[in-house]
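Before any comments, here is the structure.
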Amino acid sequence: MDAVKECLRNFPKEARELYLNDTVPYLDGPLSPLQFYRDWIGPNKPCIIHNAFSDWPALSKWNATYLREKVGSKVISVAVTPNGYADAVNGDRFVMPEERQMTFSSLLDIIEGKVKCSGVFYVQKQCSNLTEELPELTGDVQTHILWMSEALGKQPDAVNFWLGEESAVTSMHKDHYENLYCVITGQKEFILLPPTDRPFIPYELYQPATYRQKEDGNFEIVDEEDSTKVPWIPLDPLNPDYDRYPSYRLAKPLLCTVKAGEMLYLPSLWFHHVRQSHGCIAVNFWYDMEYDMKYNYFQLVESLTNAVGSL
């Protein structure tokens, strides 16, 4: 077992020496599909791309006035939490947000401070909510990224719209998608960790639950009945508890800020934690990853990490 632990400790170090960058690189513009696949998708490395969607009308149009006129009366799904943390650990529970239906204008009233509400509001429904709930806005963007679709030989599984308050935080997690994240207004702050750092990232099992706002404005946590426990990361990378999770000291997070007009390529299986400026608007494209040898190797590392426990 000690030999396995030593291998797991050395595995991320070797990845950093061989191919990972110390920072997230910038590209002046999109590459050809083949070159992007060779340089970034294949090696599973993130980058920030300038001028990748400079022709989108959304960059100049998407302000509160325009959005009220275009989709103000549309009813959308909004995640509401007491603390800004949706889909995150709270004590011994994995707590999901209250999903509230409200008009887009009502959400803008809250974000602009015209209406005071308890709770933190965030449009974050990740089931292609741009095309499903706000199709009127698709003419201002693209519904897929041509060079990415060609590189991967497929269309995106989902195109998501994001808008929320500064207090809304996305807790550390990973996705099985090749992710192109486009910031339209404001900025997003990402903490990124490569899949090879999995041995240093703690997971625990939690009872799933949901926030529910009571009539007095306070929130309660309601357990999901007849549900299996959810594996999730309890660690907060903004304030890591090294006494409880000492292995995380060996992790090497990358920090990057994605500003309006910039696109982040976030490779599949990369762990990420996200914050944003108030009222930030973004659109992202999820392309399903290939479940090939890369995925098999990640599953092996994950299984070994779970088997040996703390390093």
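The values are calculated or read from the model by the stated rules, or taken from the named source; none is laboratory data. What you are looking at is a predicted structure, and each value in this text was computed from that prediction instead of being measured. We place every Cβ from the backbone using ideal geometry, glycine too, and count neighbours over all the protein chains shown. With ligands, DNA and RNA removed, areas are computed over all heavy atoms of the protein, side chains included. Shrake-Rupley method; radii C 1.70, N 1.55, O 1.52, S 1.80 Å.
Structure notes:
- Length released on extending from I191 to K74, taking residue separation times 0.36 nm less the Cα-Cα span: 38.8 nm
- Normalising the Debye intensity of the range 1-116 to I(0), with uniform scatterers on Cα atoms only, and taking log10 at q = 0.20 Å⁻¹ returns -1.04.
- Reference-scaled alpha-carbon Rg (2.2 N^0.38 Å with N residues) for the range 223-311: 1.38
- Ellipticity at 222 nm from helices only: DSSP H runs of n ≥ 4 in the chain, each -39500 (n - 2.57), divided by the residue count, give -6000 deg cm²/dmol.
- From phi via Karplus (6.51, -1.76, 1.60), per-residue ³J(HN,Hα) for the range 149-154 in Hz, x at Gly/Pro: 4, 6, 4, 9, x, 7
- Residues of the range 277-311 with amide N under 16 Å of a point placed 7 Å along Cα→Cβ from E6: 311
- Accessible surface of the chain [probe 1.4 Å, protein heavy atoms]: carbon and sulfur percent: 48 percent
- Rounded if a/c under 1.5, otherwise prolate or oblate - the range 174-272, Cα gyration tensor axes: oblate
- Förster radius 45 Å - calculated FRET efficiency between H278 and K154 (Cβ-Cβ, nearest 0.05): 0.80
- Cut-off 12 Å between beta-carbons: net charge of the residues surrounding P208, Lys and Arg +1, Asp and Glu -1: -4
- Cα-based reach from K61 at 19 Å (exclusive), listing lysines while leaving out same-chain residues under 8 positions away: K70, K74, K259
- The label point for D22 and the one for N239, both projected 7 Å from the Cα toward the Cβ, are 3.0 nm apart.
- In order along the range 58-73, phi translates into HN-Hα couplings of 4, 4, 9, 8, 7, 10, 4, 4, 5, 5, 4, 5, 7, 9, x, 8 Hz, rounded to whole numbers, per the Karplus curve 6.51 cos²θ - 1.76 cosθ + 1.60 with θ = phi - 60° and x for Gly and Pro.
- The range 133-196-the range 272-311 distance, computed between alpha-carbon centres (Å): 14 Å
- Extension reserve of the A307-N218 stretch, reckoned as 0.36 nm per residue once the Cα distance is removed: 28.0 nm
- For the chain, the convex hull drawn through the C-alpha positions has a volume of 138 cubic angstrom per residue.
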